[in-house]
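Participant: Before I ask anything, let me first share the structure, which is written out below as structure tokens.
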């Protein structure tokens with residue numbers, strides 16, 4: 001059987017593309033190398049509780065906001081979403097406390113109380129946040145040719161330090177950005193603005209695991225005639241006369257298609273295609289030379305029953321005002337995010353919280369050649385030490401935290417790499433560089449006319465970004481006008 005579209009990888013981007021295309025009447029096949037689909041929105045179970053791989057909260061789900069329109073189209077607004085408190089992100093830097101408020105004006109007014117001399121700069125910043133949210137959707141408008149090139153060519157750190165005179169305000173505005181790689185030398189302003197704007201519009205958690213998202217998409221895809229095959233590890237994409245013809249899996253199965261979408265890292269995708277004139281070595285070298293962002297250490301804690309009340313916000317904790325560089329410290333954990341799973345039984349007490357902090361690949365290199373369950377005692381000791389450090393820092397917000405903990409589960413970039421296939425366990429895909437956006441910000445198109453890319457390695461990352469990128473990818477097949485009309 002020849003499919004209209006063969007999608008490789010069932011991360012969020014792959015599933016969203018499959019949903020959109022199957023709904024549009026395309027015959028779609030999704031190939032997934034793991035035993036279960038979902039990528040970073042899959043979940044796992046330990047001792048009767050469900051834990052998330054990479055999902056924690058999303059922004060922009062209020063009616064009239066982008067993700068509401070996109071998730072309505074994808075059938076995801078029926079899931080049990082829970083809006084966070086007005087003060088949705090709370091920040092502790094040293095001994096000083098700050099909050100991000102939902103709604104642009106509330107956000108600005110609250111920060112102006114702390115930094116009254118930065119009033120005009122904050123107004124300018126909020127306008128830029130609004131503009132960014134509008135611009136990314138305009139990229140799908142068939143009557144608009146605008147692209148935020150200037151924002152991609154400006155450094156986030158350079159903009160912030162030029163615009164704001166108070167260094168603590170720069171730290172505060174950046175403090176909730178563990179959802180991206182804060183790197184002074186490379187981070188584009190567009191990525192920084194995009195990674196903050198939708199959450200300020202409105203912020204939400206799921207009452208349940210992130211796998212609810214994957215499960216809903218999978219059910220719809222199958223009802224719309226699409227197919228999903230797990231344990232189907234692609235080893236080769238076969239090209240003939242300048243186009244791909246089929247995907248060959250490790251078990252010998254071959255799947256033919258008219259068009260192919262890869263939700264896998266571009267470098268891995270290129271490795272599946274034998275050298276050919278249509279995919280020249282210069283393109284392969286360009287993709288192979290791209291750097292990856294850092295990964296995350298996740299410490300998932302099971303809390304004893306009836307000892308910790310649920311908190312309906314995210315808490316960021318930093319030892320000191322070095323938000324852009326704290327993760328480079330080789331001695332101790334100096335910053336983290338604390339996030340809570342909403343009780344599904346409506347109890348006022350929670351059972352699960354996650355502690356997240358960046359963990360660079362150089363700190364994992366020692367075990368780079370190892371596999372799950374075979375990393376050695378020194379790896380277990382490293383995880384235990386880092387988990388203890390995270391709990392010690394988190395205790396600044398939750399006193400006596402360790403006494404409340406029943407179980408601890410720790411994952412590293414190595415875990416993420418081995419379960420999701422992401423090189424170096426990169427949390428945010430390929431590193432975008434404002435100094436060279438044409439080389440580091442990839443479009444869905446490739447030199448092969450019937451091979452497209454999607455997922456976090458392209459323009460945007462995160463739930464919001466990957467969803468937007470899936471729209472761009474599908475527009476290459478269905479047309480901008482179709483996608484624009486679906487979202488309006």
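The values are calculated or read from the model by the stated rules, or taken from the named source; none is laboratory data. Here the structure is a predicted model, which means the values were calculated and not measured. All Cβ positions, even for glycine, are placed from backbone atoms using ideal geometry, and neighbour counts span all protein chains on display.
Participant: Look at residue 483 and say whether it is in contact (Cβ under 8 Å) with a residue 60 or more places away in the chain and surrounded by fewer than 24 Cβ atoms within 10 Å (Cβ to Cβ).
Facilitator: No: the conditions fail for residue 483.
Participant: With respect to residue 319, is the statement that it is at pLDDT 90 or above, surrounded by fewer than 20 Cβ atoms within 10 Å (Cβ to Cβ), over 29 Å from residue 206 (Cα atoms) and in contact with a helix residue (DSSP H, G or I) (Cβ under 9 Å, 6 or more places away or on another chain) true?
Facilitator: The answer is yes for residue 319.
Participant: OK, next. Does any residue in region 234-249 that is in contact (Cβ under 8 Å) with a residue 40 or more places away in the chain and at positive phi come within less than 8 Å, Cβ to Cβ, of a residue that is surrounded by 14 or more Cβ atoms within 10 Å (Cβ to Cβ) and in a loop (DSSP other than H, G, I, E, B) six or more places away or on a different chain, and which pairs are these?
Facilitator: 242/278; 242/448
Participant: Are any of the residues in region 208-220 surrounded by fewer than 23 Cβ atoms within 10 Å (Cβ to Cβ) and touching a helix residue (DSSP H, G or I) at 6+ places or on another chain (Cβ under 6 Å)?
Facilitator: There is at least one residue in region 208-220 that is surrounded by fewer than 23 Cβ atoms within 10 Å (Cβ to Cβ) and touching a helix residue (DSSP H, G or I) at 6+ places or on another chain (Cβ under 6 Å).
Participant: Moving to a separate point now. Would you please name the residue that is modelled with the lowest pLDDT, looking only at residues in region 163-185 that are surrounded by 20 or more Cβ atoms within 10 Å (Cβ to Cβ) and in contact with a strand residue (DSSP E or B) (Cβ under 8 Å, 6 or more places away or on another chain)?
Facilitator: Per the stated criteria, the residue is 178.
Participant: For region 366-380, check the following and say yes or no: at least one residue is under 22 Å from the mean Cα position of the chain (by Cα), crowded, with 18+ Cβ neighbours inside 10 Å and either modelled with pLDDT under 90 or under 25 Å from residue 302 (Cβ atoms) (or both).
Facilitator: no
Participant: In region 10-39, how many residues are touching a helix residue (DSSP H, G or I) at 6+ places or on another chain (Cβ under 7 Å) and at positive phi?
Facilitator: Total satisfying the criteria: 2.
Participant: Oh, and also: Name every residue in region 250-286 that is in a helix (DSSP H, G or I), touching a helix residue (DSSP H, G or I) at 6+ places or on another chain (Cβ under 6 Å) and modelled with pLDDT of 90 or more, in order of residue number.
Facilitator: Those that are in a helix (DSSP H, G or I), touching a helix residue (DSSP H, G or I) at 6+ places or on another chain (Cβ under 6 Å) and modelled with pLDDT of 90 or more: 266, 267, 270.
Participant: Ok, one more. Name the residues in region 331-348 that are assigned to a strand (DSSP E or B) and under 16 Å from residue 304 (Cα atoms), would you?
Facilitator: Scanning region 331-348 gives a single hit, 340.
Participant: Yes or no: residue 153 on the phi < 0 side of the Ramachandran plot, surrounded by 14 or more Cβ atoms within 10 Å (Cβ to Cβ) and either out of contact with any helix residue (DSSP H, G or I) (no Cβ under 8 Å at 6 or more places or on another chain) or without any contact (Cβ under 8 Å) to a residue 24 or more places away in the chain (or both)?
Facilitator: no
Participant: Filter region 410-443 for residues that are in a loop (DSSP other than H, G, I, E, B) and without any contact (Cβ under 8 Å) to a residue 40 or more places away in the chain and give the result.
Facilitator: If the condition is that a residue be in a loop (DSSP other than H, G, I, E, B) and without any contact (Cβ under 8 Å) to a residue 40 or more places away in the chain, then 436, 443 are the ones that fit.
Participant: Could you list all residues from region 291-322 that are touching a residue at least 60 places away in the same chain (Cβ under 8 Å), assigned to a loop (DSSP other than H, G, I, E, B) and closer than 24 Å to residue 53 by Cα?
Facilitator: Those that are touching a residue at least 60 places away in the same chain (Cβ under 8 Å), assigned to a loop (DSSP other than H, G, I, E, B) and closer than 24 Å to residue 53 by Cα: 291, 293, 294, 304, 308, 312, 313.
Participant: Restricting attention to region 40-59, does a residue exist that is at positive phi, in contact with a helix residue (DSSP H, G or I) (Cβ under 6 Å, 6 or more places away or on another chain), buried (at least 24 other Cβ atoms within 10 Å of the Cβ) and touching a residue at least 40 places away in the same chain (Cβ under 8 Å)?
Facilitator: For region 40-59, residues at positive phi, in contact with a helix residue (DSSP H, G or I) (Cβ under 6 Å, 6 or more places away or on another chain), buried (at least 24 other Cβ atoms within 10 Å of the Cβ) and touching a residue at least 40 places away in the same chain (Cβ under 8 Å): absent.
Participant: Which residues, taken from region 445-458, are in contact with a helix residue (DSSP H, G or I) (Cβ under 9 Å, 6 or more places away or on another chain), more than 18 Å from residue 38 (Cα to Cα) and in contact (Cβ under 8 Å) with a residue 60 or more places away in the chain?
Facilitator: Of everything in region 445-458, those that are in contact with a helix residue (DSSP H, G or I) (Cβ under 9 Å, 6 or more places away or on another chain), more than 18 Å from residue 38 (Cα to Cα) and in contact (Cβ under 8 Å) with a residue 60 or more places away in the chain turn out to be 446, 447, 451, 452.
Participant: For residue 274, are the conditions met, namely being surrounded by fewer than 23 Cβ atoms within 10 Å (Cβ to Cβ), touching a residue at least 12 places away in the same chain (Cβ under 8 Å), over 19 Å from residue 234 (Cα atoms) and touching a strand residue (DSSP E or B) at 6+ places or on another chain (Cβ under 9 Å)?
Facilitator: It is false that residue 274 is surrounded by fewer than 23 Cβ atoms within 10 Å (Cβ to Cβ), touching a residue at least 12 places away in the same chain (Cβ under 8 Å), over 19 Å from residue 234 (Cα atoms) and touching a strand residue (DSSP E or B) at 6+ places or on another chain (Cβ under 9 Å).
Participant: Can residue 432 be described as crowded, with 18+ Cβ neighbours inside 10 Å and out of contact with any helix residue (DSSP H, G or I) (no Cβ under 9 Å at 6 or more places or on another chain)?
Facilitator: No.
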